[in-house]
Amino acid sequence: MTPRLLSHALAVGLLAAGLSAAAHAADPIRVGFLTIKSGALAAGGKQMEDGLRLFLKERNNMIAGRKVELVVGDTGGQPAITKTKAQELVEKDKVQVIIGPLAAFEALAIDDYIRKSEIPVISPSAAAEDLTQRKPNPWFVRAVGTSAQPNHVLGEYAAKELKYKRIAIIADDFAFGHEVAAGFQRTFEENGGKVVQKLWSPLNVADYGTYIGQIKPNVDAVFAAFAGGNGIKFLKQYNEYGLKARIPVIGAMTTVDEGILKSMGDEALGVISSGWYAASLPNADNRKFVASMNRDYQQDPGYYSMGAYGAALMLEQALKEVKGKIEDKAAFMAALRKVQLSNDPRGKVSLDALGNPLLDIHVRKVERVNGKLSNSVIKTYPAVSQFWTYNTKDFLASPVYTRDYPPANNIER
């Protein structure tokens with residue numbers, strides 16, 4: 001090839017590459033969103049969507065100079081449907097990243113597919129421990145804590161500062177409830193307390209009366225671990241049965257989440273919980289976020305809306321790092337794993353080596369502020385790891401938290 005022809009060929013090649021890059025830049029980024037629109041977890045699904053749509057509205061549906069198209073898949077809270085919807089988003093709708101799904105059991109159901117399809121996933125809610133622990137997925141990162149992460153804090157707090165000795169647990173009977181309860185029990189008992197009873201209720205239970213009637217009368221408190229709208233039903237019936245005045249309730253973050261507090265009354269007052277967010281956090285980014293959620297959706301943000309908003313912030317940061325070139329999946333995923341946020345309503349957020357965030361965990365108490373129920377922060381534990389204060393290697397050498405943690409013979413009958 002003559003120098004002139006070689007120069008011409010190079011020019012054509014560079015032009016083609018430039019046109020290809022320009023075409024990619026002109027194409028919208030397609031974001032898949034897996035949520036739940038029916039069943040016990042639908043309230044959380046709606047709040048997740050609110051948080052995500054608020055984020056996109058604030059940016060006029062543009063991130064890193066490219067338009068964003070959101071493609072929504074309703075999983076119905078069913079693992080099999082979740083997998084089908086994930087496949088549709090990737091193979092039919094050609095999404096380049098997925099935010100979702102909501103529940104731990106849904107994330108576990110699509111774990112193999114995520115690995116096989118190599119689709120980047122940012123979890124805004126699903127807290128399944130092993131996805132960032134013993135079986136880390138290289139295409140999965142989390143915007144929220146693991147199930148046990150905030151409850152390691154509460155277990156220690158309940159024993160050391162509330163001075164509780166005997167506690168009964170009641171929790172949703174699915175992966176999230178199992179891991180939440182186990183994390184709480186581990187640190188509570190390590191600090192001198194004892195879990196003397198465990199009650200497991202189906203996720204779609206219609207009535208808690210049977211379970212409330214079984215609670216031992218000689219416990220210092222009840223630890224309640226519920227997701228979706230189940231906290232509303234439980235606390236209402238707990239009060240109606242007359243137990244609120246006799247046995248205090250402490251809870252997982254989602255039991256008295258801001259997203260459902262608006263549907264509760266005095267039965268929620270005084271409930272102490274722990275979590276990686278509270279709408280009452282006083283920083284400027286959070287005040288703006290809370291004001292926007294109240295303006296657009298007439299409610300305070302909580303676990304689900306903050307989780308989705310935080311996931312979108314992670315997406316934005318990673319896209320800026322790769323200059324919007326999400327088509328380079330490896331580079332985008334590497335950027336996603338290195339995200340460090342300074343503009344998150346929760347404060348500074350960074351990920352550990354396994355894709356799970358280090359988060360400030362707040363002990364909160366439900367109070368009535370300006371006529372509205374709110375989670376007031378009473379103590380903060382900074383930069384809490386998913387491994388709490390344990391040695392990481394030792395923690396990972398133990399089995400994942402389950403319904404049967406610890407061995408059943410440790411529980412009084």
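Every number here is computed from the coordinates shown, using simple stated rules; none is lab data. Just so we're clear, the structure is a prediction, and the values are computed from it rather than from any experiment. Neighbour counts run over all protein chains shown; Cβ positions are idealised from the backbone, glycine included.
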- Query: Residue-wise, which Karplus ³J(HN,Hα) couplings in Hz belong to the stretch 106-117, taking 6.51 cos²θ - 1.76 cosθ + 1.60, θ = phi - 60°, and x for glycine or proline?
  - Reply: 6, 4, 5, 5, 9, 4, 4, 5, 4, 5, 5, 7
- Item | Amide H partners (placed H, <5 Å) of G324, local residues excluded | none
- Task: Could you tally the net charge around A312, taking each other residue with its Cβ under 10 Å from the Cβ of A312, Lys/Arg +1 and Asp/Glu -1?
- Result: 0
- Message: Among 288-298, 32-42, 204-214, how do they line up by average Cβ neighbours within 10 Å per residue, starting with the highest?
- Response: 32-42, 288-298, 204-214
- Overall dimensions of the chain by Cα: Rg and Dmax, Å: 22.7, 94
- Note on the structure: Note on the chain: contact order normalised by length, alpha-carbon pairs under 8 Å, 6 or more apart, percent, works out to 18 percent
- Task: Could you work out how far apart the two model spin labels at Q214 and R246 are, taking each label as a point 7 Å from the Cα in the direction of the beta carbon, and quote it in nm?
- Result: 1.8 nm
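Could you sort out which of K216/K236; K288/K329; K135/K348 sit more than 22 Å apart by Cα distance in this structure?
Working: K216/K236 19 Å; K288/K329 32 Å; K135/K348 26 Å.
Cα-Cα > 22 Å for K288/K329; K135/K348; rest within.
Can you give the net charge of the other residues whose Cβ lies under 9 Å from the Cβ of D360, counting K and R as +1 and D and E as -1? Walk me through the intermediate numbers first.
Working: positive: R346, K348; negative: none.
Net local charge, D360 excluded: +2.
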- Task: Compute the relative contact order of the stretch 357-400 as a whole-number percentage, counting only Cα pairs closer than 8 Å that sit 6 or more residues apart in sequence.
- Result: 38 percent
- Amide H contacts under 5 Å for V71, restricted to residues at least 5 apart in sequence or on another chain and with H modeled in the peptide plane, are V31, G32, F33
- Query: Roughly what % of DSSP beta bridges within the chain run antiparallel, to the nearest 5?
  - Reply: 40 percent
- Query: If you stretched the chain out fully between K320 and Y390, how much longer would it get, using 0.36 nm times the residue separation minus the C-alpha to C-alpha distance?
  - Reply: 21.7 nm
- Message: Using the Karplus curve 6.51 cos²θ - 1.76 cosθ + 1.60 with θ = phi - 60°, what ³J(HN,Hα) values do you get for each residue of the stretch 277-291, in whole Hz, with x for Gly and Pro?
- Response: 7, 8, 5, 7, 4, x, 6, 5, 4, 6, 4, 5, 4, 4, 4
- Over the stretch 231-384, what is the percentage of antiparallel beta bridges among all DSSP beta bridges, to the nearest 5? 90 percent
- Message: Give the separation of the Cα centroids, the stretch 153-202 to the stretch 99-140, in Å.
- Response: 26 Å
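As a quick test, which of the pairs K46/K94; K194/K379; K37/K198; K163/K393; K163/K365 have an alpha carbon distance above 20 angstrom in this structure? Each step should come with its number before you reach the end.
Values: K46/K94 24 Å; K194/K379 23 Å; K37/K198 30 Å; K163/K393 31 Å; K163/K365 16 Å.
Result: K46/K94; K194/K379; K37/K198; K163/K393 exceed 20 Å.
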- Task: Rounded to the nearest Å, what's the spacing between the alpha carbon centres of the stretch 50-96 and the stretch 344-413? Just the number, please.
- Result: 28 Å
- So what is the calculated 222 nm ellipticity per residue for the chain, using -39500 (n - 2.57) for each DSSP H run with n of 4 or more, over all residues, to the nearest 500 deg cm²/dmol? -11500 deg cm²/dmol
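Let me know the shape class of the stretch 262-353, please: from the alpha-carbon gyration tensor, a ≥ b ≥ c as square roots of the eigenvalues, rounded when a/c is under 1.5, otherwise prolate if a/b is greater than b/c, or oblate. All intermediate terms of the calculation are to be shown ahead of the outcome.
Values: a/c = 2.72, a/b = 2.19, b/c = 1.24.
Because a/c hits 1.5 or more and a/b exceeds b/c, the stretch 262-353 counts as prolate.
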- By per-residue mean of other Cβ atoms within 10 Å, what is the highest-first order of 47-56, 104-113, 216-225, 158-167? 47-56, 104-113, 216-225, 158-167
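Quote the relative contact order of the stretch 103-209 in percent (integer), defining contacts as alpha-carbon pairs under 8 Å separated by 6+ residues.
Working: 171 pairs, mean separation 26.4, N = 107.
That works out to 25 percent.
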- Task: Report the extension gain between Y113 and D207 in nm, rounded to one decimal, defined as 0.36 nm multiplied by the number of residues separating them, less their alpha carbon distance.
- Result: 30.2 nm
- Karplus-derived 3J(HN,Hα) from phi for the stretch 208-219 (6.51 cos²θ - 1.76 cosθ + 1.60, θ = phi - 60°), whole Hz, x at Gly and Pro, runs 9, x, 4, 6, 4, x, 8, 5, 4, x, 9, 9
- Working out 0.36 nm times the residue gap between D266 and L56, then minus their Cα-Cα distance, what length gain in nm do you get to one decimal? 72.0 nm
